[in-house]
Amino acid sequence: MKLNYSFLFVIPLALILLMDNMFIELLRPEDPVGQEFLLSTLVKGSAVLSILYCLYYFQRMSTYMRFAFFMLLLYVAGLVFESRYVYGSFMVYPHVFVKVLIFAYTFFIYTFYKANYYIKTSHVVWFILIGFWLNVLLIKPHTLSISAFTNHERGVYSTSVYMLVVPFLYFLSNYFYKGKFMSLFWSFFVLFAIFFFQHRTVWISTAFVLIIYYVFIRLKTDKPINFVAKLLPVGTIVGILAVVASGFILSIHPEILEKVQENFSDIENYDKQGTGGWRYIQIMSYLPFIQENFFFGMRFDGFELPIQFWRDDIDAPVFEDGHGHHFHSFYLEIFFYTGLVGFGLYLLIALYPIVQAVKKRVLTINQIMLVAFICSSFVFSISYVLPVFFYGILGWAIAAIEVEHVPYTSFIKESGLRMRARRLLSRRALPSNVEATTSSY
């Protein structure tokens, strides 16, 4: 029996995914200090190794990605020079370097898959789901209760729940394009998990990703979906069952409805109540420093700046001085530390797959899923710092945009031309990369 070793090609991306908090907790349970040290060490060490890998395989990159990688190296070199000249150390505050070094994961994943594009989306999806539920069941089983929901004991990190958006899109696409009813069940199951763990920013990001997904499906595929025909019958059945089940549950636990209403009220009044209230205060606390250092950021001076975000109830700063500032917004963090230059460096790579997807006449379903997920990050970034795993998926998305191709016959409408195309294709061997990309989804 011939074994399929394609699952091995998920390893590079899995190494990036492993740096999410849910996997770190599995490696060092009940040891918060050890978890923080392990994550910090992995992030810094692997970022440097990623740069070395990309330097060695620099020729694999497209012209645009070479330019973007060169700009990243130039910025890091500038930080090293400033650190050495001002502080007498090549890397005086690694916390500041990480804010841009983390971009290296995108180039590492992109460079690897540009030459070895045999990754299967299903392998990534199941890796995420297995890791997520192992974390919930083994580390945080207390979160799976009605009381945890009503008391807002989310337990699971927002970044881990955000990662579930990828499996959700995958199962939804499997149902739409392959007619697998079980995939519809899995998509509802994942969506329920996203809802249950109550990260409101992830709710909004999921809604946004569905809008982008729908737009790309309508405009960028030769296989449009009849959403009404696909969802109406099943949606009606699921809706009836949901109403009956929710009516039964709410009659026993009416506090659930109150909690849901409270969550939506927090979204509507983001600057006055809920976690959005203190996020707003944090933004206002640091905005003057961002305005004064808008173009280049505060960099190392920012690390030395005393914590500006205070708690009124204890009249003390939220975080300890000397450990860097911990923001709850990617935009706030990137502008505080690196300014418009650092943000522009990020946009240089984050917008690339989106722009290329818009330019293409037809996209594969995998490209649509990945680009839609990348688009959702601009919403998620408002309330949270982008997680490490995002940069790995961004690299995968860029590789997919450059390498994946829609099968040639999908462009041919007339049956006679289709037959002729098949004969021509049978006479020549396609590159291995192309064969893999047409079936990677």
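The values are calculated or read from the model by the stated rules, or taken from the named source; none is laboratory data. What you see is a predicted model, and the numbers here were worked out from it, not measured in a lab. Every residue, glycine among them, receives a Cβ derived from its backbone with ideal geometry; neighbour counts consider all protein chains shown. In case anyone asks, the SASA skips ligands and DNA or RNA and just uses the protein heavy atoms, side chains included. Shrake-Rupley method; radii C 1.70, N 1.55, O 1.52, S 1.80 Å.
Using only the alpha carbons of segment 87-150, determine the length spanned along each of the three principal axes and report them from longest to shortest in whole angstroms.
54, 40, 18
Convex hull over the Cα atoms of segment 1-149, averaged projected area in nm²?
Answer in nm², one decimal: 12.9.
Given the protein chains as shown and a 1.4 Å probe, how many square angstrom of C375 are accessible, to the nearest 10?
Only protein atoms counted, so the area is about 20 Å².
For the pair F37/V355, report the inter-label distance in nm, with labels modelled 7 Å from Cα in the Cβ direction.
4.4 nm
Once all Cα-Cα distances of segment 342-403 are split into 10 Å bins that start at 0, what whole-number percent is in each one?
All Cα pairs, binned at 10 Å, distribute as 22, 57, 20, 1 percent.
What is the spin-label model distance, in nm, from L74 to I139 if the labels are put 7 Å beyond Cα along the C-beta direction?
Each label point lies 7 Å from its Cα, and together they span 4.0 nm.
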